[in-house]
Amino acid sequence: MSDFDDEQERAQESVERAFPEVARFLGQLPTYGPTEVFHDGDDIAPDVVVRVAYALSRVQLMTALSIGFTEIAPDRNAEDLTVEEVRSEVEGWLHGAAVIELDRYVRQGQLTAYPPEVQPVMDALAAALDRAYPATGENSPVRRAPRYGDGTVTLHTVDHGEVTVPEPAWCIGHSWQPNPHRADITHNSTRVKAAATTDGAGRVHLLHAYISHSPHLEIEPEPHPVVSVDLGCTDDFAAEDIPQLAEGLRSAARVLENVAAEAIRLRGES
C-alpha cells in the first residue's frame, strides 16, 4: 500500500468515526478524482498539497464542465473529449474558482492594518497552520513574526534569511506577508476609498487607493513610493443616476490626486 493510499484509508476511518451518518451517505456515491494536482504556475511556490472532495449533483457537474470547456477548450469537439479530459475540466474549474476567490481575500488581507493587540492571534494562527500543514523540503517555511525597532523592521525572508529594512511611519506593518522574498518586501499605507451614492443603484464603490513601496524590487525597481489603485465600478446605470455617479468620479479624482501628492511628499523620506 502506498503512502497516499494509507493516508486516504486513515482519513476515511476518521470520517467514519466522527460522522457516521455522513460516511454512510457518502459511501453510497461513486467517487472520482483527483485527476491531477492543480497549480497556477511559478508565481507562488507551493508548500503543501491540500486535497478536497466535493459532493456534486449532476447539474453542478454539467455547469462546471460547460464553463471550463468554453473558457479553456472552445475549439475542441465535445464528442471527442476523453474521460480524463472531462474530469480534468470539472476539477480544474472547481480549483480555478476557489483560487480566484482565495486570491481576492489574500489581496484584501494585504491591505488590512492589524492593530497590535491582534498580532498575537495572527502569530497563533500561523503556528496552528504549521501544525496542521507541516511543509517539508527546501520550501518549508520558517515563520518569524516581524520585529520592529526604532524606524526599522526585521523580516525572515526565504532567500536572504533575516533582513532589516527601514520601516516608514506610514506603513501598516508586515504581518500579512510572512516569509517574503527580499525583493517582495512591501510597505503599504492604509487605504482610502471613494464611492458614489445613487438613487437607483444605491452606494457604488468606485475605487480604493493606497501608497506602496517595494524598495528592493529587481525587475522593475521602485525608487520612490507608488500609488496602487483598484477601480471597482463595472455596471449598468439608469441615465438619471449618471450625474450622481459623475460627482462620485470627481470625488474619486480628488482622492487620487491627494494620495499622489502625499506619495510625492514622501519621496524625501524613502
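The values are calculated or read from the model by the stated rules, or taken from the named source; none is laboratory data. Please read all numbers here as calculations on a predicted model, not as lab measurements. Positions of Cβ are generated from backbone atoms using ideal geometry, with glycine treated the same way; all protein chains shown enter the neighbour counts.
Worth a mention:
- Verdict on Ala73 being surrounded by 10 or more Cβ atoms within 10 Å (Cβ to Cβ), over 24 Å from the mean Cα position of the chain (by Cα) and at pLDDT below 80: yes
- Checking each residue in the stretch 144-185 for being among the polar types (S, T, N, Q), farther than 23 Å from Ala124 by Cα and buried (at least 17 other Cβ atoms within 10 Å of the Cβ) picks out no residue at all.
- Whichever residue in the stretch 197-234 is under 20 Å from Ala261 (Cα atoms) and in a loop (DSSP other than H, G, I, E, B) and, among such residues, is nearest to the chain's Cα centre (by Cα): Ser214
- A single member of Ala194, Ala253, Ala246, Ala263 is more than 30 Å from Asp123 (Cβ to Cβ), touching a Pro at 6+ places or on another chain (Cβ under 7 Å) and either of a type outside the set (S, T, N, Q) or outside any loop (DSSP other than H, G, I, E, B) (or both), and it is Ala263.
- Selection status of His174, more than 30 Å from Leu245 (Cβ to Cβ) and assigned to a loop (DSSP other than H, G, I, E, B): yes
- Annotation: of all residues in the stretch 228-266 being touching a Leu at 6+ places or on another chain (Cβ under 7 Å) and not small (Gly, Ala, Ser), the one that is surrounded by the fewest Cβ atoms within 10 Å (Cβ to Cβ) is Leu231.
- Within the stretch 46-92, the set of residues being closer than 30 Å to Leu129 by Cα and hydroxyl-bearing (Ser, Thr, Tyr) comprises Tyr54, Ser88.
For (1) charged (D, E, K, R); (2) over 25 Å from Val165 (Cβ atoms); (3) modelled with pLDDT of 90 or more; (4) not assigned by TED's automatic domain parsing to the domain that holds Pro168, each residue gets a yes or a no:
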{"residue": "Asp199", "(1), (2), (3), (4)": "yes, yes, yes, yes"}
{"residue": "Pro223", "(1), (2), (3), (4)": "no, no, yes, yes"}
{"residue": "Val229", "(1), (2), (3), (4)": "no, no, yes, yes"}
{"residue": "Asp235", "(1), (2), (3), (4)": "yes, yes, no, yes"}
{"residue": "Ala239", "(1), (2), (3), (4)": "no, yes, yes, yes"}
{"residue": "Gln244", "(1), (2), (3), (4)": "no, yes, yes, yes"}
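- Some residue of the stretch 144-152 being at pLDDT below 80 and not in a helix (DSSP H, G or I): yes
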